[in-house]
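Trainee: Starting off with a structure, shown below.
The values are calculated or read from the model by the stated rules, or taken from the named source; none is laboratory data. Small disclaimer: the values here were computed from a predicted structure and weren't measured. Every residue, glycine among them, receives a Cβ derived from its backbone with ideal geometry; neighbour counts consider all protein chains shown.
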Amino acid sequence: KAGVTQTPRYLIKTRGQQVTLSCSPISGHRSVSWYQQTPGQGLQFLFEYFSETQRNKGNFPGRFSGRQFSNSRSEMNVSTLELGDSALYLCASSLWGTSGGARNEQFFGPGTRLTVL
Amino acid sequence: ELKVEQNPLFLSMQEGKNYTIYCNYSTTSDRLYWYRQDPGKSLESLFVLLSNGAVKQEGRLMASLDTKARLSTLHITAAVHDLSATYFCAVDILSNFGNEKLTFGTGTRLTIIP
């Protein structure tokens, strides 16, 4: 079974540009979450999507946005890039359900390393 | 707001020694996870702890959960070099929707010295 895939793996942009990152979840997984990892702030939750709807959002400015498609693939977009947006962006997927338990364990992709110059 | 604290932040151990990483969290949680991250890599799931008193073991690593104390521990037995990595605990709270966001600890950078 293929794992979570993210593209591109590495990206270099300049301040003011925008960027779109892509995530393909594990087959059958319907929930996709995005996280930002930086040396200073650690791992922080960005947002979570389920059935094309954003269910949860972290404390990030509106420059960070995302969406999910009907096949559960997700994209996140960052507009007007700032130097501080340089980070490893991780996508995670999980099964859905209100029963909780290990079924909702999140599996992480390899990440996209974004460098803003 | 849920807060997750891990200690120590850095840990250097000699091979063969035992040590414990601690993870405290501030509010009642449904699930606690332990992840491993190698430099430049993604997060690898180690353990999922679902209930009070849960204990799981894999090789030289053992994780436990005390929901009353809001504390989880990751115990390393007879450390070997391959265990050098950064270890994160993460907590989430189940909502009516199922998955909630994971709140991560600061991570513990473990270095095993030969």
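Trainee: Check B:R36, B:R70 and return the single one that is among the basic types (K, R), crowded, with 16+ Cβ neighbours inside 10 Å and under 11 Å from the mean Cα position of the chain (by Cα). Reasoning before the result, please.
Mentor: Numbers: B:R70 fails: under 11 Å from the mean Cα position of the chain (by Cα).
It is B:R36.
Trainee: Answer yes or no as to whether B:K68 is of a type outside the set (S, T, N, Q) and within 11 Å of chain A (Cβ to nearest Cβ).
Mentor: no
Trainee: Of everything in segment A:24-46 that's within 12 Å of chain B (Cβ to nearest Cβ) and hydrophobic (A, V, I, L, M, F, W, C), which residue is nearest to B:C89 (Cα to Cα)?
Mentor: So, considering only residues that are within 12 Å of chain B (Cβ to nearest Cβ) and hydrophobic (A, V, I, L, M, F, W, C), the one nearest to B:C89 (Cα to Cα) is A:L43.
Trainee: If you don't mind, another one. Working carefully through the options B:L43, B:L50, find the one that is of a type outside the set (S, T, Y) and within 18 Å of A:L43 (Cα to Cα).
Mentor: On the way: B:L50 fails: within 18 Å of A:L43 (Cα to Cα).
Going through B:L43, B:L50 in turn, just one is of a type outside the set (S, T, Y) and within 18 Å of A:L43 (Cα to Cα): B:L43.
Trainee: Here's a follow-up. Can you give me the number of residues within segment B:1-31 that are of a type outside the set (A, V, I, L, M) and assigned to a strand (DSSP E or B)? Step through it out loud before you land on a result.
Mentor: Residues of segment B:1-31 of a type outside the set (A, V, I, L, M): B:1, B:3, B:5-8, B:10, B:12, B:14-20, B:22-31.
Still in the running and assigned to a strand (DSSP E or B): B:5-7, B:10, B:12, B:14, B:19-20, B:22-25, B:31.
Residues in segment B:1-31 being of a type outside the set (A, V, I, L, M) and assigned to a strand (DSSP E or B): 13 in total.
Trainee: Separate question: Output the residue which, of all residues in segment B:42-93 that are hydrophobic (A, V, I, L, M, F, W, C), in a loop (DSSP other than H, G, I, E, B) and without any contact (Cβ under 8 Å) to a residue 60 or more places away in the chain, is farthest from B:Y19 (Cα to Cα). Show your work before the answer.
Mentor: Taking segment B:42-93 and keeping what is hydrophobic (A, V, I, L, M, F, W, C), we get B:43, B:46-50, B:54-55, B:61-63, B:65, B:69, B:71, B:74, B:76, B:78-80, B:83, B:85, B:88-91, B:93.
Cutting the leftovers down to in a loop (DSSP other than H, G, I, E, B) gives us B:50, B:54, B:69, B:78-80, B:93.
Subsequent filtering for residues that are without any contact (Cβ under 8 Å) to a residue 60 or more places away in the chain retains B:50, B:54, B:69.
Numbers: B:L50: 23, B:A54: 19, B:A69: 20 Å.
Out of the qualifying residues, it is B:L50.
Yes/no matrix, rows are residues, columns are (1) of a type in the set (K, R); (2) modelled with pLDDT of 95 or more; (3) surrounded by 14 or more Cβ atoms within 10 Å (Cβ to Cβ):
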position: A:F50; (1), (2), (3): no, no, yes
position: A:N59; (1), (2), (3): no, no, no
position: A:R67; (1), (2), (3): yes, yes, yes
position: A:L83; (1), (2), (3): no, yes, no
position: A:C91; (1), (2), (3): no, yes, yes
position: A:S94; (1), (2), (3): no, no, yes
position: A:N104; (1), (2), (3): no, no, yes
